[in-house]
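Okay, structure first, notes after.
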Amino acid sequence: MKKNVWVNIGFQAGALVLALLITTLILAAAGAPPLKAYGSILNGAFGSSNNIVAVLITWAPLLLTTVGVLITFSAGLWNIGVEGQMTLGAIFATWMLRMLQDTNLPPALIIILGILWGMVGGALWASLAGALKTFGGVNEIFGGLGLNFVSTALTIYLVFGPWKRPGVGSMSGTQPFNEALWLPTLGTGLSPWGLGLSILAVILVYLLLRGTYFGLRLKAVGKNMKASYLLGIPTWQYSMFAFLLCGALAGLAGAIQVESVYHRLLPNISNGYGFLGLLVAMLINYQAIWVIPIALFFAALNVGSVQLQIVYKMDSSFAGVLQDLLVLLVLLGQGVRERFLGKA
Amino acid sequence: MRVELRNIHKYFGKNHANAGINLDIPSGTIQGILGENGAGKSTLMKILSGYFYADSGEIILDGKAITISSPSDAIKHGIGMLHQDPLDFPPMRLLDNFLLGREGGLFPDRKVVARDIQTLAAQFNFSLDPEAYVDTLTVGERQQLEILRLLWLGARVLILDEPTTGISASQKAKLFETLRTLAGQGKTIIFVSHKLEDVEVLCHKVAVLRSGQLIGESPVPFDHKKMVEMMFGKEISLGDRYPLNAGGKVLELKNLAVEDVRLHMEDIHLDLHGGEVIGLAGMEGSGQGPFIRACSGLLRPVNGRVQVNGHDLTGKSHHIFKRHGVSFLPASRMEEGLVPGLTLTEHFVLAEKTQGVFIDHAKGTKLAEERITSFNIRGTPVSTVESLSGGNQQRALLALLQTPLSLILLEHPTRGLDIESTIYIWSKLKERCKQGTSIIFVSSDLEEILQYSDRVMVFFSGKVTPPLDVATLTTEKLGQLIGGSGWNNLNSGKSL
Amino acid sequence: MNRHNLLKVMGLLMIFTMVLAACGTPTAAPTQAPEQTEAPAATEAATEAAVTEAPAEPFTFGILLVGAHNDQGWSQAHYDAGQYVEQNIPGSKMLYLENVYSGSPSYPGQTASQLAEQLVSQGAKMIIFNSDDMKDEALKFAQAHPDIYVLGPSMDWTWKDGKNYQESPNQIDIMGRMEYGKMMAGCAAALTTKTGQIGYLGPLINDETRRLASSAYLGAKYCWTNILGKNAADLKFKVTWIGFWFNIPGVTSDPSQVADDFFNSGYDVVLSGIDTTEALVEAKKMHDAGKDTFAVAYDSPGNCDVAPDVCLGVPYFNWGPSYVATIKSAMDGTWKEGFQWNAPDWADINNKDTSAVGFAKGQGLSADASANLDKFIAELAGGLNLWTGPISLQDGTVYIADGAVATDQEIWYLPQLLEGMEGQSVSQ
Ligand SMILES: Nc1ncnc2c1ncn2[C@@H]1O[C@H](COP(=O)(O)OP(=O)(O)OP(=O)(O)O)[C@@H](O)[C@H]1O
Ligand SMILES: [Mg+2]
């Protein structure tokens, strides 16, 4: 048992080293001295308090989407629709804020209602994917993809249509909310509430998956639906729960984006956080405990690699390439490990 | 092909599953392998067929030392293995399942392959439709399919890990005949089994494993008692028959009609009383599966009533049945019964009633330890179920049964169990009967049916006998009924 | 491998492609390579030269480009201006980031003000936010960073007489009077069209874009009636908006498609109002297929090179001189915040060092039309003001009374398209 853990970590570390090696080559090929380039990524991510704030701002939604998909992964589901669920969270939050911003309700209440409504929106959207899967037999990957497209179309319709800025027709986004309805932020826009909620979500999901009957049942359903049913677990309900929870977390991420970062709805509000969350989840082999550092690493990479563009004029896809490479190699490493050491 | 194993070692963590095993099997030999559950039989076979690497040791084929890196590598060397628990059965056609394992040929000629399958199947009297879907097959049929596939892929060493549990007596006879023919052609057969009788009639020689070690080899025939002693290190005696003292009605079936894609059965009546055991006999796939599933709410009957303890549960879900004290353990333990990837502790925790939100891990571990001891499972609370030996998986499955229960429905409860555990498990089940629990079980082992049932229902292609008193049955008579003869002059067992 | 695994692998592949797609820059990726190798070298050379030759304190400025630095349009005009600054102010150094807009997949979750911080951490003392898409962000950043100069092309925050005035002492907002350029563009189109139908490929809808489309219409109408002597009612002028400054697949309408639709429905000249060159490319495709189609480009002087034969010309911004002036004022302490709306240098509208707005004629323009266009430009230089009443809005209300001259505010904040134009005034 113990030995296996170390072998595991060894393979993981091997994959990391290999990924670094390859990216080093890429950097060198692109004409950036690799060591300096890594230095400037670090600097871009942690070099100043403003940069750290930027990292934390991107960290929060990534945490949420990652732990969200951890839940669905636990239940054996590939919730690719998490992107759309985040979008719907943003739409619902915007909806609530727009509806209430001219009332006399206290702003704090409106903000909270917006967040809750965003979670409801995400959960509803996820339940669609869930219903398609359980009642329509549509695989969640395809259902999720379809719903992602629909959510984008819906955002665009709202941004150019009913929620446009007066006199403007631009994808730049809807009319910003009254400033009273912005989640309070520190520095250049870090919302301690958003970050706090995200970290809380990570802890809750960790506890849920690790220590509760719910989590164990979810895991059982994910690994063997038939056996779980015979063990007395209401299986489809649990799949649905997984979707709902993931959707609510993604919706929370969307609500935080509109309430604390953009203060309005804009197309591509989900910004690939859902897909990135799936990647992080795969990279950490679905172990909730690793979410915090690895998501931070990904966020730092995203923010820090901006420096590569400034200093070395590198393409903005660098961070994405490194992230993909890492996941690919780690998965490959797992395959190799299984082949040579047995499926122990 | 001559197979030699030299000083094979395999560790799983601290568990020394194969401890220096030497075995020499000349070509044309049918080698029997015997040993208690967890002795290391499957491990040794998996090493030979490329699923595991040995930690040390040599495999020598026809005098040449080789390394086998994967199952497909093994089949290239001519070694094919039929697994104890066929694991992965995708929803694809038999034909495609055949084609998958073969190399080369982007566009295989499906017609030719389909004919191959049919010719092969005909040899063994297997009725397999190449266009049928694999996931609609019963466990027994899947085993048949695998045998055919391996032969078709050109196996010259055929390893069969407990292959006889799923097939009828006549099919078994046919299989043995074929294995003998194959051996006559110089092929090497390795036959792993718990059934001394099977090994004795089929094999040329026998090797016995215990706790990872080769305890000894023996020619055939052998003395059963001595052989059992070799296997277990002690003498074992069959349990006694328990007298039945029936309680109130637990299960009532009235005018029940059940069907699945292939069969339609109707007019089934049964009054099952507390403490009673009913054995379901018949060839694999003759309707026992749908019947037992209808009794557990997993299959909705097309007609008739199902009552449990006086409650009409017709058409209710399995979970409602469960609430009324009905439990079902399926035959395909790794597919329907256990959750691969979860530990023993997790299984026991899942099967228990929940208390609160959080799992008490300490309590769970204690529970697991208790069950592991009382069901004599070779494993630890943190062992995942797929790391257990086949027999130990079966014990784990039985250990999941809750107390109290009114009705236990079992498919092949002792498939893969060694003699000692079979006796032990049945003693446990019978203990429950004494406390008023009733049992319905499916088995393809006539001895088991006659030994443990109070009444027997025989299934033959959609027909069901009324429950027959076991005292009126003999192996021969039962065998006839299973084969479809002697149905006209049935005197139904005394109805309770 | 069973079905589930297969799906997993498919899912994984999909995620990878999506992440990659999300990370990839949406525009101008292929043309980037040669520029990339050149640009840094040029920049470094400039800096080195500065270090050795000039004792002056080095001045680093950063530009956030809404599109690609080589989009042959709006963003490139700014990028070129940055290089112009480097050549003209010893010791100055440009940093830039491209594809900066709300929700840009290049910078997941990062706002323009955060990206400005990244430039500052490389030593930038001035940040140019080159698009109205970053308008709010620019102000936010300026107010949070009194120590950093902010330049807001096309913005109006510091326009005392504007509608949106905000106190922001470290900010200057700059715009060229592109109305003139657009009038010339419209004129060239009117002089060329055979069908009398002119299409305008519009970006998003706001004050600026309404103003520019309308100016093009005014120019077209003037030349149609006054130079060609035709009937104003026979001129069709239609605007179709795509929703943003450039194509974002899946979000905006596809500008190539819009241009095609124009050409296929009788419009033989399309004026580009967007940052990129789709109008030219499509006109060339049609032209090569035997149609008599033309386009007028926008933003950047070299723009016609994409398809010289079909290009009637390009009204372009020349940001260089104003950038140099602003940066110099920041360096020598004569900085004065406020709003600048710079007109062409009528002595020579194509003078690189003096004129904020220019018009480069294209090979597609006939000799005849060229002569007439020159005549029109001369009239403008001589004081012709097309923003003179009577001018009515699209809904028929009189906007500028007969004989009255529109104020800067009336032009800048034009609420609708003009009467006689087809197309949406506000999005529906
Ligand atoms: N993948 C595995 N990981 C860890 N331990 C394993 C694994 N496979 C087998 N073992 C252990 O090795 C020992 C031998 O198992 P094996 O499957 O060879 O027994 P067996 O003789 O086939 O028993 P049975 O008759 O029950 O099938 C058992 O203690 C088992 O728990
Ligand atoms: Mg075994």
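What's the FRET efficiency of A:Leu204 with A:Trp236 using the Cβ-Cβ distance as r and R₀ = 30 Å, to the nearest 0.05? That gives a FRET efficiency of 0.80. Accessible surface area normalised per residue over region C:55-176 is 27 Å², counting heavy atoms of protein chains with a 1.4 Å rolling probe. Solvent exposure of region B:3-232, expressed per residue, is 41 Å² of accessible area, with all protein chains present and a 1.4 angstrom probe. In percent, rounded to a whole number, the relative contact order of region C:55-176 is 23, using alpha-carbon pairs under 8 Å and six or more apart. About the centre of its Cα atoms, region B:356-398 shows a dipole size close to 100 debye [charges on the beta carbon of Lys, Arg (+1) and Asp, Glu (-1) only; nearest 20 debye].
Highest average first, the peptides B:284-296, A:39-51 ordered by how many other beta carbon atoms sit within 10 Å of their residues are B:284-296, A:39-51.
Amide hydrogen proximity for B:Phe328: with H placed 1.01 Å from N in the peptide plane, the residues at 5 or more positions away or on another chain lying under 5 Å are B:Leu409. Once both labels are positioned 7 Å from their Cα atoms along Cα-to-Cβ, the gap between C:Gln363 and A:Lys36 label points is 4.2 nm. Adding -39500 (n - 2.57) for every DSSP H run of four residues or longer, then dividing by how many residues chain C holds, sets the calculated 222 nm ellipticity at -12000 deg cm²/dmol. When only Cα pairs below 8 angstrom with a gap of at least 6 residues are kept, chain A shows a relative contact order of 34 percent. When peptides B:59-66, B:128-135 are sorted by average Cβ neighbour count within 10 Å, with the highest value leading, the order is B:128-135, B:59-66. When +1 charges are put on Lys and Arg Cβ atoms and -1 charges on Asp and Glu Cβ atoms, the dipole computed for region B:3-232 relative to its Cα centre reaches about 240 debye. Within the same chain, lysines fewer than 8 places from C:Lys125 are excluded, and of the rest, those with a Cα less than 26 Å from its Cα are A:Lys36, A:Lys313, C:Lys93, C:Lys135, C:Lys140, C:Lys160, C:Lys328, C:Lys336, C:Lys352. A simple spin-label model places pseudo-atoms 7 Å from Cα toward Cβ; at C:Glu167 and B:Glu476 they are separated by 11.4 nm. Give me log10 I(q)/I(0) at q = 0.18 Å⁻¹ for region B:249-492, Debye formula, one equal scatterer per alpha-carbon, no solvent. For region B:249-492, the Cα-only Debye profile gives -1.42. Contact with the other protein chains removes 50 Å² or more of accessible area, compared with the isolated chain and a 1.4 Å probe, from these residues of region A:164-179: A:Gly167, A:Gly169, A:Met171.
Note down the nm distance, to one decimal, between modelled labels 7 Å out along Cα→Cβ at C:Ser329 and at C:Asp234. Going by the 7 Å Cα→Cβ label model, 4.9 nm.
Mean residue ellipticity at 222 nm, helices only, chain A: -25000 deg cm²/dmol; runs of at least 4 DSSP H residues each add -39,500 (n - 2.57), and the sum is divided by the number of residues.
Nearest 100 Å², what total accessible surface is buried between chain B and chain A (probe 1.4 Å)? When B and A are taken together, about 2500 Å² of accessible area is lost. Taking the square roots of 5 times each eigenvalue of the Cα gyration tensor of chain B, largest first, gives ellipsoid semi-axes of 37, 27, 23 Å. Residue-wise HN-Hα couplings along region A:234-248, as the Karplus relation 6.51 cos²θ - 1.76 cosθ + 1.60 with θ = phi - 60° gives them from phi, are x, 5, 5, 4, 5, 4, 5, 4, 4, 4, 4, 5, 4, x, 5 Hz; Gly and Pro carry x.
With 0.36 nm allotted per residue and the present C-alpha distance subtracted, the C:Asp288-C:Gln87 stretch has 68.4 nm of extension available. Panel values: the protein assembly as shown, Kirkwood radius from alpha carbon pairs, Stokes-Einstein at 4 °C and 1.567 mPa s, translational diffusion coefficient 36 µm²/s. Measuring against 18 Å, Cα to Cα, the residue pairs B:Lys10/B:Lys226; B:Lys76/B:Lys205; B:Lys249/B:Lys434 contain B:Lys10/B:Lys226; B:Lys76/B:Lys205 as the ones spanning a longer distance. The calculated 222 nm mean residue ellipticity attributable to helices in chain B amounts to -9500 deg cm²/dmol, summing -39500 (n - 2.57) over DSSP H runs of n ≥ 4 and dividing by all residues.
Computing FRET efficiency as 1/(1 + (r/R0)^6) for B:Asp73 and C:Asp147, where r is the C-beta to C-beta distance and R0 is 60 Å, gives about 0.30. For region A:49-313, the Kirkwood estimate of hydrodynamic radius, built from reciprocal distances between every pair of different alpha carbons, is 18.6 Å. Among A:Ile52, C:Ile227, the order of accessible area from largest down is A:Ile52, C:Ile227, computed with a 1.4 Å probe on protein heavy atoms. Proximity of backbone amide H atoms, modeled 1.01 Å from N, is registered between B:Asp454 and B:Val277, B:Ile278, B:Gly279 at under 5 Å, excluding neighbours fewer than 5 places apart on the same chain.
Counting only residues at least eight positions apart within a chain, or on another chain, the lysines with an alpha carbon under 17 Å from that of C:Lys221 are C:Lys182, C:Lys194, C:Lys230, C:Lys236, C:Lys238, C:Lys375. Every Cα-Cα pair of chain C was included, and the share exceeding 33 Å stands at 35 percent. Dipole magnitude for chain A: computed about the Cα centre from +1 point charges on Lys and Arg Cβ and -1 point charges on Asp and Glu Cβ, it is near 860 debye. The radius of gyration of the Cα set in region C:55-176, together with its Dmax, comes out at 13.8, 43 angstrom.
Placing unit charges on the Cβ atoms of the charged side chains and taking the dipole of the protein assembly as shown about its Cα centre, the candidate lying farthest along the positive direction among B:Cys203, B:Leu263, B:Pro330 is B:Cys203. For the protein assembly as shown, the fraction of 1.4 Å probe accessible surface lying on carbon and sulfur atoms is 57 percent.
Once R0 is set to 30 Å, what does the formula 1/(1 + (r/R0)^6) return for the Cβ-Cβ distance between A:Val7 and B:Ala362, expressed as a FRET efficiency to the nearest 0.05? Step by step, r from the Cβ atoms, then E = 0.60. Relative contact order of chain C, taken over Cα pairs closer than 8 Å and 6 or more residues apart, is 15 percent. Taking the charge dipole of chain B about its Cα centre, with +1 at Lys and Arg Cβ atoms and -1 at Asp and Glu Cβ atoms, the residue from B:Gln118, B:Pro340, B:Ile372 reaching farthest to the positive side is B:Ile372. From the residues C:His78, A:Leu216, B:Leu450, which one has its Cα farthest along the dipole of the protein assembly as shown in the positive direction, the dipole being from +1 and -1 charges on Cβ of Lys/Arg and Asp/Glu about the Cα centre? The residue sitting most towards the positive pole is B:Leu450.
Let me check I've understood the local charge: for A:Gln309, count other residues with C-beta under 11 angstrom from its C-beta, Lys and Arg +1, Asp and Glu -1. What total comes out? Value of the local net charge: -1. Interface C-A: total buried accessible area of about 4900 Å², 1.4 Å probe, protein heavy atoms only. Using modelled amide H (1.01 Å from N, peptide plane; none on Pro or chain starts), what sits under 5 Å from the amide H of C:Asn342, excluding residues fewer than 5 places away? It is C:Met175, C:Gly176, C:Arg177, by chain and number.
With θ taken as phi - 60° and the Karplus curve 6.51 cos²θ - 1.76 cosθ + 1.60 applied, the whole-hertz 3J(HN,Hα) list for region B:200-213 is 5, 6, 9, 7, 8, 8, 10, 10, 10, 10, 8, 6, x, 10 Hz, x standing for glycine and proline. In the context of the full protein assembly, B:Thr345 retains an accessible surface of approximately 20 Å², using a probe radius of 1.4 Å and ignoring ligands and nucleic acids. Backbone geometry of region A:16-29 corresponds, through the Karplus equation with coefficients 6.51, -1.76 and 1.60 at θ = phi - 60°, to 3J(HN,Hα) couplings of 4, 4, 4, 4, 4, 4, 5, 5, 4, 4, 4, 4, 4, 5 Hz, x marking Gly and Pro.
The values are calculated or read from the model by the stated rules, or taken from the named source; none is laboratory data. Please read these numbers as outputs of a predicted model, since none were measured by experiment. All Cβ positions, glycine included, derive from the backbone under ideal geometry; neighbour counts span all protein chains shown. Each accessible area value is taken on the protein alone, full model and side chains, heavy atoms only, with ligands, DNA and RNA left out. Shrake-Rupley method; radii C 1.70, N 1.55, O 1.52, S 1.80 Å.
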